Amino acid sequence: MNHVFISYSREDRQYVEELAKYLGDSGFPVWFDYRIETGDDWALKIEQAISSSAAFVVVMSGAAEKSKWVKREVFFAEGQGKPVYPILLQGKPWSFRLGDLQFEDVRGQSLPSKGFFKRLEENVTRQSEPCELEFH
């Protein structure tokens, strides 16, 4: 598939929904856990979505750094050889995991720069129409 997978802590969901909408409006197909339906196998759906993604975005915050799920997702994405795009939402950059990757600094709740989107285009093909997202 040709989508951006977003890994995040639930505490950062409001920012992630804004980011996902902005990405979708910019033509980037997006997947994050809002697409998991009641009764679905959570871990399997996430594994499939990461495996089929073209890029992996991780929203870094104190809550995300403590999250077992975010850690598992990052580890799995790296093992799959996915290009990883860290976004620093709050706190400090992670020193051990992802410490060797340049991150996009959006502290203060700003959206990523145009340079971030140009980098995403290296791995994700933009759609000619905006990608509609409906959150539940």
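The values are calculated or read from the model by the stated rules, or taken from the named source; none is laboratory data. In this text, all values refer to a predicted model and were calculated from it rather than measured experimentally. Reconstructed Cβ throughout: ideal geometry from the backbone, glycine too, with neighbour counts over all protein chains shown. Just so you know, the surface numbers come from the protein's heavy atoms only, side chains and all, with ligands and any DNA or RNA stripped out. Shrake-Rupley method; radii C 1.70, N 1.55, O 1.52, S 1.80 Å.
Residues that are small (G, A, S) and not in a loop (DSSP other than H, G, I, E, B) were ranked within segment 41-65; the one that is surrounded by the fewest Cβ atoms within 10 Å (Cβ to Cβ) is A43.
Taking segment 23-40 as the range and being open to solvent by 10 Å² or more (accessible area, probe 1.4 Å) and touching a helix residue (DSSP H, G or I) at 6+ places or on another chain (Cβ under 9 Å) as the test, the residues that pass are S26, P29, W31, D33, Y34, R35, I36, E37. Looking across segment 114-133, the residues that are in a helix (DSSP H, G or I) and of a type outside the set (G, A, S) come down to K114, F116, F117, K118, R119, L120.
Checking each residue of segment 85-106 against the condition of being part of a strand (DSSP E or B) and over 15 Å from Y8 (Cβ atoms) gives at least one match.
Picking from residues in segment 95-136 that are open to solvent by less than 50 Å² (accessible area, probe 1.4 Å) and in contact with a helix residue (DSSP H, G or I) (Cβ under 6 Å, 6 or more places away or on another chain), the one that is modelled with the lowest pLDDT is L133.
Looking at F32, F5, which is the one that is under 10 Å from the mean Cα position of the chain (by Cα) and without any contact (Cβ under 8 Å) to a residue 40 or more places away in the chain? From the options F32, F5, the qualifying one is F32.
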